[in-house]
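Here the structure comes first, spelled out in structure tokens, and everything after it is commentary.
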Ligand code: SAM
């Protein structure tokens, strides 16, 4: 197997590697390897996005969920969660504030909450679009039928985030109850693409039982799907889940993977996630300095922030939306990047 720097050179040219090569790249890398990769990733990101960082206003509108993912703090079986739902009016209030702060993308994220019918979602989306026609709407509400996805799209939703979580069937089954399957998750992603959404996928780094082989499969799956957005962040334990005692993921490996993903899909929108900011005070800055180009500050009302606790010690649960925006703006400026207001749609490559 060639040394890691040679593999990184190959990755930069070919935009992919074989499964075995990815496994080698991910196993036992040195700080020097990571720095070599990071520099290439940053150079690539700058070619496509200069020093600009897109921003998305995240509205966590419900923490009710019918699913029981073993890693997630808002899983159905966690009876210690105080459940909440935002009304359409609450959501519009978040948008109003966000619009004033310069956000031109709103992300509606939540657990899989059956209380919002497809008609309810369509009504919310239609009203958001009518009030803010220059804004993009991203949904992140889990696995739905083709028909439901089509309904939301026709109402005006532009993008959809659905992490595949892991591309390995056995690993998927260790993270989820039998009611959920990797096959359905993948089918949902294919459906979303077919309908015409800008699709985002991704995975947690260091989730329980994860191996380098699994990560190589994640990378190959992402290459094949060719998504517009790729969200990855370290796995972080939540005290009220079956995985409460599991080790958290590694920040360095997450950053290394962000750089790999940047070289694989140079024009992708890759967020420096909240989980990255939670694992290290400068995690999001490091994310951008490894090739990420999106940040997603929270626009949810402060009264509900702490209730959307996917993992312990989640950051920014006490700050007003405006504070989050200014804070991130300053943080990015400090490392030489500029937060911009543009919608930041995915621009396909010419070749
Ligand atoms: N229900 C929707 C779905 O399944 O896509 C969206 C909400 S879900 C809570 C959003 C993401 O949070 C998941 O895709 C998962 O990767 C991440 N997440 C959940 N628990 C986590 C944990 N303990 N550590 C890090 N990320 C976590």
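Values in this text are rule-based calculations from the coordinates and carry no lab data. Being a predicted model, the structure only gives us computed values, none of them experimental. Backbone-built Cβ (ideal geometry, glycine too); neighbour counts: all protein chains shown.
Across the range 233-257, the qualifying residues are those that are part of a helix (DSSP H, G or I) and within 15 Å of the ligand (Cβ to nearest atom), and the one among them that is surrounded by the fewest Cβ atoms within 10 Å (Cβ to Cβ) is 253.
Answer with yes or no whether residue 58 is closer than 23 Å to residue 163 by Cα and touching a strand residue (DSSP E or B) at 6+ places or on another chain (Cβ under 9 Å). Criteria met by residue 58. Residues considered: 137, 125. Of these, the only one that is in a strand (DSSP E or B), away from the ligand (no atom under 12 Å from the Cβ), over 30 Å from residue 213 (Cα atoms) and in contact with a helix residue (DSSP H, G or I) (Cβ under 7 Å, 6 or more places away or on another chain) is 137. With respect to residue 15, is the statement that it is away from the ligand (no atom under 16 Å from the Cβ) and surrounded by fewer than 16 Cβ atoms within 10 Å (Cβ to Cβ) true? Considered against the rule, which asks whether it is away from the ligand (no atom under 16 Å from the Cβ) and surrounded by fewer than 16 Cβ atoms within 10 Å (Cβ to Cβ), residue 15 comes out as yes. Return the residue satisfying two criteria in turn: it lies in the range 143-179 and is in a loop (DSSP other than H, G, I, E, B), within 12 Å of the ligand (Cβ to nearest atom) and in contact with a helix residue (DSSP H, G or I) (Cβ under 8 Å, 6 or more places away or on another chain), and of such residues it is nearest to residue 346 (Cα to Cα). Ranking the qualifying residues of the range 143-179, first place goes to 162. Evaluated against (1) farther than 22 Å from residue 243 by Cβ; (2) within 16 Å of the ligand (Cβ to nearest atom), residue 60 falls short on exactly one condition, (1).
Tell me, which helices (runs of 4 or more DSSP H) lie completely within the range 1-106 with 2 or more residues that are within 14 Å of residue 300 (Cα to Cα) and touching a residue at least 24 places away in the same chain (Cβ under 8 Å)?
Helices (runs of 4 or more DSSP H) meeting the threshold: 88-100.
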